[in-house]
1. Using a 1.4 Å probe and counting only protein heavy atoms, arrange B:Trp224, B:Trp193 so the residue with the most accessible area comes first.
2. Please give the total accessible area that chains B and A bury against each other, computed with a 1.4 Å probe and expressed in Å² to the nearest 100.
3. Considering only DSSP states other than H, G, I, E and B, which chymotrypsin sites (Phe, Trp or Tyr not before Pro) in the stretch B:28-93 qualify as loop sites with at most 14 other Cβ atoms within 10 Å?
4. Dipole magnitude of chain B about its Cα centre, charges +1 at Lys/Arg Cβ and -1 at Asp/Glu Cβ only, in debye to the nearest 20?
5. Provide the percentage of antiparallel DSSP beta bridges, counting only those with both residues in the stretch B:139-267; round to the nearest 5.
6. Can I get the semi-axes of the stretch B:18-252's equivalent ellipsoid? Compute them from the C-alpha gyration tensor as square roots of 5 times the eigenvalues, in angstrom, largest first.
7. With only Lys, Arg, Asp and Glu charged, each at its Cβ (+1 for the first two, -1 for the last two), find how big the charge dipole of the protein assembly as shown is about the Cα centre; round to the nearest 20 debye.
8. Relative to the longest principal Cα axis of chain A, at what angle does helix A:42-53 sit, 0 to 90 degrees, rounded to 10?
Amino acid sequence: MPDEVLDCRGQRCPLPVIAAARRMPQVPVGTVVRVLADDPAAAVDLPAWCRMRGQEFLAAITGPDGPAYDIRRTH
Amino acid sequence: MSASSVYLDAATAAPLHPVARQALLAALEDGWADPGKLYSQARRARQLLDAAREAAAQTLGVRADELSFTSSGTTAAHGAVLGGLAGRHRAGATLVHSAIEHSAVLHAAERHVAAGGVAHSVPVDRVGRLDLEAWSAAVRAPGVALAALITASHEVGTVQPVAEAAAVCGDVGVPLYVDAAQSVGRVPLPAGWSILSASAHKWGGPPGVGLLAVRKGTRWESPWPADEREGGRTPGSVNLPAVVAAAASLRAAAADAAAEATRLDPLVDRIRTRVAAEVPDVEVVGDPVLRLPHLVTFSCLYVDGETLLHALDRRGFAVSSGSSCTSSTLRPSHVLEAMGVLSHGNVRVSLHRDTTESDVERFLAELPGIVAGLRADAGVVGL
Ligand SMILES: Cc1ncc(COP(=O)(O)O)c(C=O)c1O
């Protein structure tokens, strides 16, 4: 389960990635943030951001709140 | 184009080759009649059409009767896919294609699926190169009627392992269709294909001319209502002046292709290196070596693709983008998606025979400042 949820629904690319990039340094290392994002580009760009920044992309999930992406702060 | 404007979108449409312009003007005078009729004006038109076909066939290395002129690369791709499937419907109903085909091929595949057929998309790796193992498994499965592989990616430039993919197809008797739109007139064509399509405005010919080649012995059946013109492969009267210009410029482009590739390839290398070094948080995508000589793509983190295109346009640079905000469907490019690379802030730069080193230098000099400015505006500096 995620430790917190970042609601980026309704935001267009690249805003969900920017929101994640702003939030991640503020949470303790090890925290799992679930990003809710219905923009289809988020499915590509959140994993790519994790790769570029060395953070851990855990999974893409489709739940009751629509598409969601779990990211763990690793450093 | 004003003196300060730099056109860098040849992969969409290259500026008209001077040979094309000359041939087009001459053929407008001389080639307006219907080549199918029985009077002298028609005979002249027929001669022009035959000569154009002969010249284009020679450049492609096919027989003249294997080649048809279509009304675009898109129409050629539709005909290639749907005709290749129709011709082999007894063998099965599955189309195998790479995940990075042009939308023309994918839309034809959608049509096939809507009609009850099956489409099997084969993945690519991070640089956009076909997964040959997955391709082999897909092509060897029962019921495959046709396989489709782009010769080189129109979005990221990565050259595909066509010879290897064709060998697999050959093993099991599945015809291979190659969309060669970005290769024809620029790089040597791979061997082993049965059906090929191309598009004249990619090599400096006029827009609205496509090539469809179907090798002898390939089972191909027209998916269109009957029409005997162009070998029965594509309906309607051809735009003869444009076809003449396409064939003349193809010959000219092919004759210069090796020299042009030698000139443009280092410029693309320079863009790849300098963009990666001088623009922070950028991902230069596609294979750095096994790539087209004239095309390079990169994505800028946190930058909106549409805003970037507009900013570049204001500075006189015409480029293309695979970012979702620049597409009418608001979906990111399926090519970037299949590669798993950053899709926003995406820019495709593609060079042509009029591109100079100073054009490239000006682009490289201005890009870092433009990207930095947009990041400052968006408040994402230091993220
Ligand atoms: C690889 C590829 N195939 C097909 C096409 C379609 O060609 P046309 O623009 O002539 O319809 C293009 C051009 O967009 C292309 O790049």
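The values are calculated or read from the model by the stated rules, or taken from the named source; none is laboratory data. Remember, predicted model here, so these are calculated numbers, not experimental data. Note: ideal-geometry Cβ built from the backbone for every residue, glycine included; neighbour counts use all protein chains shown. To get the accessible areas, we keep the full protein, side chains included, count just its heavy atoms, and leave off ligands, DNA and RNA. Shrake-Rupley method; radii C 1.70, N 1.55, O 1.52, S 1.80 Å.
1. B:Trp224, B:Trp193
2. The buried area between B and A, both sides summed, comes to about 1700 Å².
3. Numbers: sites: B:Trp32, B:Tyr39, B:Phe69; in loops: B:Trp32, B:Tyr39.
Answer in residue order: B:Trp32, B:Tyr39.
4. 860 debye
5. 45 percent
6. Ellipsoid semi-axes (Å, largest first): 32, 19, 14.
7. Magnitude of the dipole: close to 640 debye.
8. Compared with the principal axis, the helix lies near 20 degrees.
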